[in-house]
Amino acid sequence: MLSRITCTKIGTTKNKSSTRTVAIPHKLYMQIQDYIAKQEGLKPTDKIFDVKENSIRKALAYRAKKLGLPHVSPHTLRHSYASHSLATCNDLAALAKQLGHKSPKTTLKTYSHMVPGADTNQAEILNQFVEI
């Protein structure tokens, strides 16, 4: 079961598609709703999480170093999510919308090179339909 949540950036966004509604796991949605219910005096226009970007960057850097991983940024996580989704997604238009891209072409152009073996996988899929 999935639920929907609207993602917005406080302030000016790059374009209209940057403000979007995306599907999230229902359990995560319920956890967010529980968190909101516990916040006293929260108005509909307030931020749900008041965390500075620098704090997130520091936490990611700390965890990556502790785990022996290369540098990780919030944008790295976006790219990882997008490339893994592209590799398993059957609906490029839905993924583009979730990422806030106006066109699926942008998604494909930006992330297709990050999917190792994608051309081989496509050839194998096509091979199933072609009789020689």
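Every read-out reported here was derived from the displayed coordinates using simple, explicitly stated rules and does not represent laboratory data. Treat the numbers as computed from the prediction; the structure is a model and nothing was measured. No Cβ is skipped: glycine too gets one built from the backbone with ideal geometry, and neighbour counts run over all protein chains shown.
What does the charge count around L77 come to, taking other residues whose C-beta lies under 15 Å from its C-beta (Lys +1, Arg +1, Asp -1, Glu -1)?
+3
Return the subset of K16/K102; K14/K102; K16/K43 for which the Cα-Cα distance in this structure is over 18 Å, preserving the input order.
From the list (K16/K102; K14/K102; K16/K43), the Cα-Cα distance tops 18 Å for K16/K43.
Report the full-extension gain for the segment N54 to M30: residue separation times 0.36 nm, less the Cα-Cα distance, to one decimal in nm.
5.9 nm
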